[in-house]
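The values are calculated or read from the model by the stated rules, or taken from the named source; none is laboratory data. Just so we're clear, the structure is a prediction, and the values are computed from it rather than from any experiment. So basically every Cβ, Gly included, is an ideal-geometry build from the backbone, and we count neighbours across all protein chains shown.
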Amino acid sequence: MSSSVQRPRVRKSPAARRAEIVDSAAAVALTEGLECVTLRRIGDDLGVRPGLISHYFPSAEELVAEAFGSAASGELDALLPGGPADDSPVRRLADFLGRTTGEEYDAISRLWINARHLSRYRPALRDRVAEQEAAWRGRLEGLIREGVERGEFRTPDPSVTTVQILVVLDGLSVHANTDTSGQPTAVTRMAHDTAERELGLTEGALSTSGTSGT
């Protein structure tokens, strides 16, 4: 008579379990949309009962907001890392703008479109969208102010210049759901051109193929 050996179940800490739930929800949000983030769906993906998910997130609205916040924060850290850096502000801005194209960026752009639409009806998500927008402005403005202090950028108002660049990026991102393969270079480089003009840089200074000074 054969016997089976059961593997001991490892009980995850509350912090680890919560992080696992958020990561799973963020992945679903990025690939399928925030509407697909439900307690049952995430429970199925993790192989647990929905009741366990609701222990950490009593409502799906809270989980949706957290999923968006996690994905958006991860995007910001990947596109424009914070903290001390060896590269110059010009180089870091060029790298940032260079990362704002391609399928990976389109995926997060679709998530932002999705979140901004749904936030009209979901207060928790609306608060998280506003929080992430502020984080974006703060991170980019910090870089621009550093560049001004180091003499690499020239602008009378870093906060206004920050908004101008982000508005152009937002405008371009609304086409994430359409085929832009034939888009003219003049359009794809609108954010670069805006930043170079408003920061007193020479044309092409923010090219990702090589960056010169001011």
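Some observations on this one:
- Each residue in region 22-37 was checked for being at pLDDT 95 or above and of a type in the set (S, T, Y), and 1 pass.
- Remark: pairs (first residue in region 158-172, in contact (Cβ under 8 Å) with a residue 60 or more places away in the chain; second residue crowded, with 16+ Cβ neighbours inside 10 Å and part of a helix (DSSP H, G or I); Cβ separation under 6 Å; 6+ apart in sequence or on different chains) = L169/A191.
- Lone unmet requirement of (1) of a type in the set (A, V, I, L, M, F, W, C); (2) in contact with a Lys or Arg (Cβ under 9 Å, 6 or more places away or on another chain); (3) within 22 Å of V129 (Cα to Cα) for L52: (3)
- Any hit, region 80-96, residues being under 18 Å from D23 (Cβ atoms), in contact (Cβ under 8 Å) with a residue 12 or more places away in the chain and out of contact with any strand residue (DSSP E or B) (no Cβ under 9 Å at 6 or more places or on another chain): no
- Residue ID - surrounded by the fewest Cβ atoms within 10 Å (Cβ to Cβ), chosen from residues in region 37-90 that are among the polar types (S, T, N, Q) and within 21 Å of D170 (Cα to Cα): S73
Yes or no, residue by residue, for (1) β-branched (V, I, T); (2) assigned to a helix (DSSP H, G or I); (3) farther than 29 Å from S59 by Cβ:
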residue: D95; (1), (2), (3): no, yes, yes
residue: A107; (1), (2), (3): no, yes, no
residue: W112; (1), (2), (3): no, yes, no
residue: R128; (1), (2), (3): no, yes, no
residue: L140; (1), (2), (3): no, yes, yes
residue: L143; (1), (2), (3): no, yes, yes
residue: R154; (1), (2), (3): no, no, yes
residue: T162; (1), (2), (3): yes, yes, yes
